[in-house]
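These notes concern the structure reproduced below.
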Amino acid sequence: MESKKEVGTILDQPGKSVPPRNLTLVPPPHRQWTSGICYCCKNRDWGCFAVCCYFCLLNQLTKAMNEKTCYPCLPWCGLVGLRMKMRTTYGIEGDGCNDCCQLCFCNGCVACQMHYEAQQIGIIEKKTCSDACNQCCVCYR
């Protein structure tokens with residue numbers, strides 16, 4: 001004896017099988033940058049470092065942020081990522097659009113601002129321009 005099952009039309013969708021989750025919201029950033037974008041004009045030593053030894057400065061930033069050392073080879077793209085990481089990691093106000101605009105027009109100033117911020121946070125040792133450049137140049141030998 002074969003039993004036949006009756007097949008009907010489904011009129012309603014089944015209910016949710018997974019209970020809704022509570023989402024944890026990340027608090028908004030709570031502080032400004034320690035220095036302004038034109039800090040390199042006020043501190044000539046670091047402004048000179050940002051202009052003359054730009055790739056050394058980027059190398060120090062990438063190491064301090066535990067990122068890949070190829071970032072200095074891609075200065076604009078790498079700096080966008082580093083800036084966003086620095087902002088989110090250390091709770092600094094800003095957004096990606098503002099970062100991109102600042103980097104398009106003031107790339108060296110932005111790098112100098114980030115380097116100064118990294119010193120204030122304590123992830124880059126405070127040194128003079130010549131000490132920082134000598135250390136970087138030794139790394140590339």
List, please: which pairs have Cβ atoms under 7 Å, are six or more places apart or on different chains, and start with a residue in region 39-68 that is at pLDDT 75 or above and among the small types (Gly, Ala, Ser) and end with one that is surrounded by fewer than 19 Cβ atoms within 10 Å (Cβ to Cβ) and not in a helix (DSSP H, G or I)?
ALA64/ILE123
Might you let me know whether region 110-120 holds any residue that is of a type in the set (A, V, I, L, M, F, W, C), touching a residue at least 60 places away in the same chain (Cβ under 8 Å) and not in a helix (DSSP H, G or I)?
no
Answer with yes or no whether PRO20 is within 19 Å of the chain's Cα centre (by Cα) and modelled with pLDDT under 70.
no
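The rows are residues; the columns are (1) surrounded by 12 or more Cβ atoms within 10 Å (Cβ to Cβ); (2) under 21 Å from ASP45 (Cα atoms); (3) within 13 Å of the chain's Cα centre (by Cα); (4) modelled with pLDDT under 85.
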| position | (1), (2), (3), (4) |
| --- | --- |
| GLY78 | yes, no, yes, yes |
| LEU82 | yes, no, yes, no |
| THR88 | yes, no, yes, no |
| CYS104 | no, no, no, no |
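The values are calculated or read from the model by the stated rules, or taken from the named source; none is laboratory data. Note that the coordinates shown come from a computational prediction; the quantities given were computed from them, not determined experimentally. Positions of Cβ are backbone-derived with ideal geometry, glycine not excepted, and every protein chain shown enters the neighbour counts.
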